[in-house]
Amino acid sequence: MKITIYYGSIHKKKGNTYVIINEFAEGAKEAGAEVDVVLLAEKKIKNCVACLKCWTQTPGQCVLKDDMPELLDKLMKSDIVVMATPVYVHNVTGIMKTFIDRMIPIIDPHLVKIENGDTGHFKRYDKYPKFGVIATGGFPEQKCCEFISQYFKRLSIELYSEVLFEIYKGQAILLKMDEKTPLGPLVNDYKKNVRKAAREVVEHMKISEDTAKQLNKPFIPEEMYIEQANKYWDSRIAHYEETKK
Ligand SMILES: Cc1cc2nc3c(=O)[nH]c(=O)nc-3n(C[C@H](O)[C@H](O)[C@H](O)COP(=O)(O)O)c2cc1C
């Protein structure tokens, strides 16, 4: 099984989301999958210029010269594509959205009724990869990824596919807590559960209810998180005020 993870954060390997991606990739490899992680921030991906030549003059091929043809080729050759993104203002990052906009060559322009009475486009290919979603947010509740969940479910229908699994994590700033801090063991358990989830995806094409339940547990109570986050911001602001003197 070939899994490609597309990661849309400017933080690249230093990102909170990368902590989950790394564990997921390792777990999937343990279960026998071939896994590639693509850091979209390292790729040259121009904005779609809406010429729609990929639908008319050069069907299936974008005329812009950048890394997208190679990335789309990889996507179409994958069994599972994992879209991994931080939450930016309730949605995916700009990097991820630009990548998604540039995916339009893989569908055909003609309109057709798809699921639930929605309109979509015709297929260009017989088979599309299945999707997985990983997202992290700085708000304390899992709900911070709600819009992203809806978005990828709708997108997957458009691409004659489905979302096989979702891993969402609020309180994501805690993912990089030092092992020696009181939260270290909780984060370690979380990482183990991400690996388990990845193995389940490779073996059963889904995350079990029990593992999903573990992954959806908050690290700390929401009120405590808010209090700690506000203290952190106060100290950062005070630090800059101090350096101005
Ligand atoms: C511009 C911007 C907007 C953000 N918007 C949200 C948001 O709407 N909800 C949320 O929970 N976190 C939000 N965050 C926090 C990030 O989602 C969070 O820190 C994430 O874990 C960063 O992931 P990364 O380190 O992999 O880039 C925002 C961060 C930035 C920089």
Only one of 139, 152 is in a helix (DSSP H, G or I) and either among the aromatic types (Phe, Trp, Tyr) or modelled with pLDDT of 95 or more (or both); which? 152
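Of all residues in region 76-91 being of a type in the set (A, V, I, L, M) and within 6 Å of the ligand (Cβ to nearest atom), which is nearest to residue 154 (Cα to Cα)?
Per the criteria, the residue is 87.
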Check off (1) loosely packed, with under 14 Cβ neighbours inside 10 Å; (2) farther than 16 Å from residue 200 by Cα; (3) over 16 Å from the mean Cα position of the chain (by Cα) for residue 30 and give me the number that stays unchecked. (2)
Just wondering, is there one or more residues in region 160-178 that are part of a helix (DSSP H, G or I), of a type in the set (A, V, I, L, M), within 16 Å of the ligand (Cβ to nearest atom) and in contact with a Lys or Arg (Cβ under 8 Å, 6 or more places away or on another chain)? yes
Residue ID - farthest from the ligand (Cβ to nearest atom), chosen from residues in region 124-154 that are in contact (Cβ under 8 Å) with a residue 40 or more places away in the chain and of a type in the set (Lys, Arg): 124
Applying the selection to region 1-54, what residues are under 13 Å from residue 83 (Cα atoms), in contact with a Leu (Cβ under 9 Å, 6 or more places away or on another chain) and either among the hydroxyl-bearing types (Ser, Thr, Tyr) or within 13 Å of the ligand (Cβ to nearest atom) (or both)? 4, 6, 7, 8, 9, 17, 18, 20, 40
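The values are calculated or read from the model by the stated rules, or taken from the named source; none is laboratory data. Treat the numbers as computed from the prediction; the structure is a model and nothing was measured. Neighbour counts run over all protein chains shown; Cβ positions are idealised from the backbone, glycine included.
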